[in-house]
Every structure is written in C-alpha cells, then in structure tokens.
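See below for the structure under consideration.
Read the figures in this text as sums done on the coordinates, not as results from a lab. On a predicted model such as this, the values are computed, not experimentally measured, just so you know. FYI the Cβ positions are ideal-geometry reconstructions off the backbone, even for glycines, and counts take in every protein chain you see.
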Amino acid sequence: MYRHNPHPRVIDVNLAEFDEMVIKQSHAKPVLVDFWADWCGPCHVIAPNLVKAVEEHEGDIVLAKVEVDEGDNMKLAGRYNVRGFPTIIIFLNGEPAAHFSSARPLHFIREFIDEHTS
C-alpha cells in the first residue's frame, strides 16, 4: 500500500485501520472515503478532483482512500454496499451520511461536500 501520500489531507486506509481513521475521526470532522481500484479508469479520473476539493477545505475535511483490491479491503466495500468503483461516501459522526458513484467533475464534488457539511 502506498502509505506516504503527498497530500497532507489525504490518507490511505485499510480494513484494520478503518474504524480508527474513518469512523472515530468522523466524529471530529467529515471524512470523505474513496473506494477505488487501480484497474478502474474512472477512479483515476476522479482522484485529482477529490484531492482538490478536500484541500480547498483547508483541514476541515479528510479524504480517506480505500484500495479495494488490497488485503481485506473488499470487506469494507461489502460492509457499505459498494457495487461499483469509484464510490465516494461521506462519513459524519461515525455514520455514512451520503454517497455517489462514478467519476464526477470538481463542481459536483464541491457541491456534494458543501451540502453535507454546511
């Protein structure tokens, strides 16, 4: 797993860390979780837009990336009924609050975050 993400507000998360890094942290600030796969073209298309949207919030939101094909991470996808990739879920107060699937433009991601964090 690529653990040294060059973006300070972006973390790579696996099954073992998920409760601590996503669920617990979402009680303090929103956590946007990107369920993605390396073979998924749309996952690579949306990734820079997710990073940009999160960085615009200057630390008020975290982006957690879950590579579903690594280790037991597919169990997380199953837990949250993820059926396609990418799927983005925003966690608030320990719970999934909303989601969307497929690559979306930056303005959509901004609106999605604002709708669920304002």
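The table that follows gives values for the structure above.
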{"item": "GNM result for the chain, Cα springs below 10 Å: residue of Ala64, Ala97, Ala47 fluctuating most strongly", "result": "Ala97"}
{"item": "Within a Gaussian network of the chain (alpha carbon springs, distance under 10 Å), most fluctuating of Val33, Val68, Val45", "result": "Val45"}
{"item": "Entry for mean projected area of the Cα convex hull in nm² (calculated from the structure that is shown) out of (i) 7.0; (ii) 8.2; (iii) 6.4", "result": "(iii)"}
{"item": "Among His57, His99, His107, residue whose mean-square fluctuation peaks in a GNM of the chain (springs only between Cα atoms under 10 Å)", "result": "His107"}
{"item": "Straight-distance crosslink candidates among aspartates and glutamates, where the alpha carbon sits under 19 Å from Lys24 and sequence neighbours closer than 8 are dropped", "result": "Asp12, Asp34, Asp60, Glu95"}
{"item": "Among beta bridges that DSSP assigns inside the chain, antiparallel share in %, nearest 5", "result": "55 percent"}
{"item": "Rounded FRET efficiency, nearest 0.05, which uses the C-beta distance separating Ala97 from Asn14 and R0 of 22 Å", "result": "0.50"}
{"item": "The chain - percent relative contact order, Cα under 8 Å, separation 6 or more", "result": "34 percent"}
